[in-house]
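Note sheet for the following structure.
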Amino acid sequence: MKRCSNCNLPETHETISFDNKGVCNICNNHKLKRSEIDWSLRKKDLDKLIQDHKGKFDYDCIVPFSGGKDSTWTVYYLVKEYNIKPLVVRFDHGFFRPNLEKNLKKMVRKLGVDVITFTPNWKVVQKLMLNSFLEKGDFCWHCHTGIFSYPMWVALEKKIPLIFWGEGAGEYENYFNYDHKLERDEVSFNRDVNLGISADDMFIRLDGSVDERDLKPYTYPPLDQLKAINYKSVCLGTYMLWDVKKQVEIIKKE
């Protein structure tokens, strides 16, 4: 099996390709990230984005939260750097580990943020897991789609237009290059999140064995409704140099 000569990622990794030196496109994205992007200018863009939204809604932004290093850093950085009031939104896919829940409690109490957790119907989830495993070899279709679509419904329902995701394009795969100012919209949702199966597709695959309303959390909200609240769904990693090792050390220390 072919592997990257720099990072050792195998050729089976999603979106991977190799240059003539055997270095993968993800490693080359990281070189571009550190050498060709003016992060001081990007930071000014972030400052303006925060300024345009801070104090104007019930919450300054929504942060979709998985509990991993990237979403934890996103909440931490936004609160510490900008003293903003985020609404942390979690989609409970059914596999949160005890340590994750413990760390979440520590984080929200120390930073002082509000949290919404949505837990979907487990009987429906079981059917979704079986179908996506048989169709795609990945039982977690509900995880992938839910964590990316449900926070958008919360943004729409609560009229909170600014949504902050974590790492930028190209950090772990190459659906988009790192110089692409990725916005987490319906295009990226269909391209690199839902495994090529929409909620409508899943409803057909399940042959009416679930209520169509049960699939709403896995659908992307209508674009015209999102535009009506002037939504902005962006990655924090678009505006700052994402350094996972450094960020993890800060999180552990704090």
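The values are calculated or read from the model by the stated rules, or taken from the named source; none is laboratory data. Only a predicted model underlies this, so the values are computations on that prediction, with no experimental measurement involved. Quick reminder, even Gly has a Cβ in these numbers, built from the backbone with ideal geometry, and neighbours come from all protein chains shown. These accessible areas exclude ligands, DNA and RNA; they are computed on the full protein's heavy atoms, side chains included. Shrake-Rupley method; radii C 1.70, N 1.55, O 1.52, S 1.80 Å.
List, please: which pairs have Cβ atoms under 7 Å, are six or more places apart or on different chains, and start with a residue in the stretch 80-100 that is closer than 29 Å to G55 by Cα and end with one that is assigned to a loop (DSSP other than H, G, I, E, B) and not hydrophobic (A, V, I, L, M, F, W, C)?
Once the first residue is closer than 29 Å to G55 by Cα and sits in the stretch 80-100, its partners that are assigned to a loop (DSSP other than H, G, I, E, B) and not hydrophobic (A, V, I, L, M, F, W, C) give I84/K54; I84/D60; K85/Y59; K85/D60; P86/Y59; P86/D60; L87/Y59; D92/T119.
Are any residues in the stretch 228-254 farther than 23 Å from I50 by Cα and either among the charged types (D, E, K, R) or buried (at least 18 other Cβ atoms within 10 Å of the Cβ) (or both), and if so, which ones?
K245, K246, E249, K252, K253, E254
Looking for something in a loop (DSSP other than H, G, I, E, B), at positive phi and buried (at least 19 other Cβ atoms within 10 Å of the Cβ) - is there at least one such residue anywhere in the stretch 161-171? Full working, then the answer.
Let us first name the residues in the stretch 161-171 that are in a loop (DSSP other than H, G, I, E, B), namely 161, 166-171.
Pick out the ones that are also at positive phi and you get 170.
Pick out the ones that are also buried (at least 19 other Cβ atoms within 10 Å of the Cβ) and you get 170.
The answer is yes, given that some residue of the stretch 161-171 is in a loop (DSSP other than H, G, I, E, B), at positive phi and buried (at least 19 other Cβ atoms within 10 Å of the Cβ).
When Q51 is evaluated against the numbered criteria (1) at pLDDT below 95; (2) open to solvent by 50 Å² or more (accessible area, probe 1.4 Å), which criterion, by number, is the only one it fails?
(1)
Within the stretch 217-227, track down each residue that is loosely packed, with under 14 Cβ neighbours inside 10 Å and in contact with a helix residue (DSSP H, G or I) (Cβ under 9 Å, 6 or more places away or on another chain). Step through it out loud before you land on a result.
Start the filter on the stretch 217-227 by keeping residues that are loosely packed, with under 14 Cβ neighbours inside 10 Å, which leaves 222-225, 227.
If the condition is that a residue be loosely packed, with under 14 Cβ neighbours inside 10 Å and in contact with a helix residue (DSSP H, G or I) (Cβ under 9 Å, 6 or more places away or on another chain), then P222, L223, Q225 are the ones that fit.
Between a residue in the stretch 44-60 that is more than 12 Å from L78 (Cα to Cα) and of a type in the set (D, E) and any residue that is open to solvent by less than 100 Å² (accessible area, probe 1.4 Å) and in a loop (DSSP other than H, G, I, E, B), which pairs come within a Cβ distance under 7 Å, given they are 6 or more apart or on different chains?
The qualifying pairs are D45/Y239; D58/I160.
Conditions: (1) surrounded by fewer than 19 Cβ atoms within 10 Å (Cβ to Cβ); (2) not in a loop (DSSP other than H, G, I, E, B). I147 meets all but one. Number of the miss?
Status for I147: all satisfied but (1).
Which of the residues that make up the stretch 61-76 are among the aromatic types (F, W, Y) and either open to solvent by less than 30 Å² (accessible area, probe 1.4 Å) or without any contact (Cβ under 8 Å) to a residue 24 or more places away in the chain (or both)? Walk me through it before giving the result.
Step one: list which residues in the stretch 61-76 are among the aromatic types (F, W, Y), which gives 65, 73, 76.
The answer is F65, W73.
Which ones in the stretch 14-29 are open to solvent by less than 50 Å² (accessible area, probe 1.4 Å), touching a residue at least 40 places away in the same chain (Cβ under 8 Å) and either of a type outside the set (S, T, N, Q) or in contact with an Asp or Glu (Cβ under 7 Å, 6 or more places away or on another chain) (or both)?
T15, I16, I26
If you scan the stretch 1-13, which residues turn out to be in a loop (DSSP other than H, G, I, E, B) and free of Cβ contacts under 8 Å to residues at least 60 places away in the same chain? It would help to see each step written out before you state the result.
Restricting attention to the stretch 1-13, the residues satisfying the condition of being in a loop (DSSP other than H, G, I, E, B) are 1-2, 4-9, 11-13.
Of everything in the stretch 1-13, those that are in a loop (DSSP other than H, G, I, E, B) and free of Cβ contacts under 8 Å to residues at least 60 places away in the same chain turn out to be M1, K2, C4, S5, N6, C7, N8, L9, E11, T12.
Taking the residues in the stretch 30-40 that are open to solvent by 70 Å² or more (accessible area, probe 1.4 Å) and among the basic types (K, R) as candidates, determine which candidate is farthest from L241 (Cα to Cα).
Start the filter on the stretch 30-40 by keeping residues that are open to solvent by 70 Å² or more (accessible area, probe 1.4 Å), which leaves 31, 34-36, 38, 40.
Pick out the ones that are also among the basic types (K, R) and you get 31, 34.
Values: K31: 12, R34: 8 Å.
Restricting to residues being open to solvent by 70 Å² or more (accessible area, probe 1.4 Å) and among the basic types (K, R), the top hit is K31.
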